[in-house]
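Single-structure report; data block below.
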Amino acid sequence: MEILISRILKYLNGCLNDDYMYRIGSFVVKHYHQICHYDFQKFIDEVKCSQEDAMSFFKHLGLHSYEEFHQQMNLDKQLRLDQIEARMLQTDVEKFLSHLQIKVEKEKFLNNIDEICNLIFEKKE
């Protein structure tokens with residue numbers, strides 16, 4: 001089953017008009033990680049659209065309510081996180097590092113990666 005964000009991205013990629021559907025889809029993509037914290041009122045306030053436009057967008061995706069959209073976004077996000085975690089559990093760090101041509105000590109390299117990850121996390125991007 002295709003995840004919801006993929007369907008939205010496909011729609012945006014083929015979109016020819018800068019209309020409310022495009023603006024709502026763009027907002028969802030840009031705020032993908034925050035959507036789980038939005039109720040319907042906050043969603044339409046942030047997107048700056050009407051309730052009717054939002055409902056039309058959800059129906060275009062085959063959904064019948066904001067609650068269904070919200071639930072599907074949360075399920076899809078959790079599915080992606082589970083997929084990433086499963087992939088990482090099967091990753092042998094030593095084997096991965098052996099393919100890289102690192103010019104510094106392995107420990108220093110890994111510390112740099114940890115620092116970069118922390119900076120990304122702090123920026124929430």
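Go through Ala86, Ala54 for me and flag whichever is on the phi < 0 side of the Ramachandran plot, assigned to a helix (DSSP H, G or I), out of contact with any Pro (no Cβ under 6 Å at 6 or more places or on another chain) and exposed (fewer than 13 other Cβ atoms within 10 Å of the Cβ). Answer to the check: Ala86. Condition first: free of Cβ contacts under 8 Å to residues at least 60 places away in the same chain, under 19 Å from Lys10 (Cβ atoms) and polar (S, T, N, Q). Now tell me which residues in the range 42-82 satisfy that. Of everything in the range 42-82, just one residue is free of Cβ contacts under 8 Å to residues at least 60 places away in the same chain, under 19 Å from Lys10 (Cβ atoms) and polar (S, T, N, Q), namely Ser56.
Scanning the range 30-41 for residues that are within 12 Å of Ile5 (Cβ to Cβ), touching a residue at least 24 places away in the same chain (Cβ under 8 Å) and surrounded by 12 or more Cβ atoms within 10 Å (Cβ to Cβ) turns up Tyr32, Ile35. Every test in (1) aromatic (Phe, Trp, Tyr); (2) farther than 23 Å from Phe40 by Cβ; (3) surrounded by 10 or more Cβ atoms within 10 Å (Cβ to Cβ) is passed by Tyr66 save one, and that test is (2). Within the range 104-125, the residues that satisfy the criterion of being open to solvent by 80 Å² or more (accessible area, probe 1.4 Å) and either touching a residue at least 12 places away in the same chain (Cβ under 8 Å) or not in a helix (DSSP H, G or I) (or both) are Glu105, Lys124, Glu125. With respect to (1) in contact with a Phe, Trp or Tyr (Cβ under 6 Å, 6 or more places away or on another chain); (2) without any contact (Cβ under 8 Å) to a residue 24 or more places away in the chain; (3) part of a helix (DSSP H, G or I); (4) hydrophobic (A, V, I, L, M, F, W, C), the lone exception for Ile24 is condition (2). Could you tell me whether Ile5 is closer than 20 Å to Phe121 by Cα and surrounded by 14 or more Cβ atoms within 10 Å (Cβ to Cβ)? No, not satisfied. Taken over the range 6-59, residues that are in contact with a Lys or Arg (Cβ under 8 Å, 6 or more places away or on another chain) and closer than 17 Å to Leu75 by Cβ amount to 3. Of the residues examined, Phe69 is not one that is within 30 Å of Asn111 (Cβ to Cβ) and in a helix (DSSP H, G or I).
The values are calculated or read from the model by the stated rules, or taken from the named source; none is laboratory data. The model shown is predicted, which means the values in this text are computed figures rather than measured ones. Don't worry about glycine lacking a Cβ; one is built from the backbone with ideal geometry, like all the others, and counts go over all protein chains shown. What goes into the accessible areas is simple: the full protein's heavy atoms, side chains included, and nothing from ligands, DNA or RNA. Shrake-Rupley method; radii C 1.70, N 1.55, O 1.52, S 1.80 Å.
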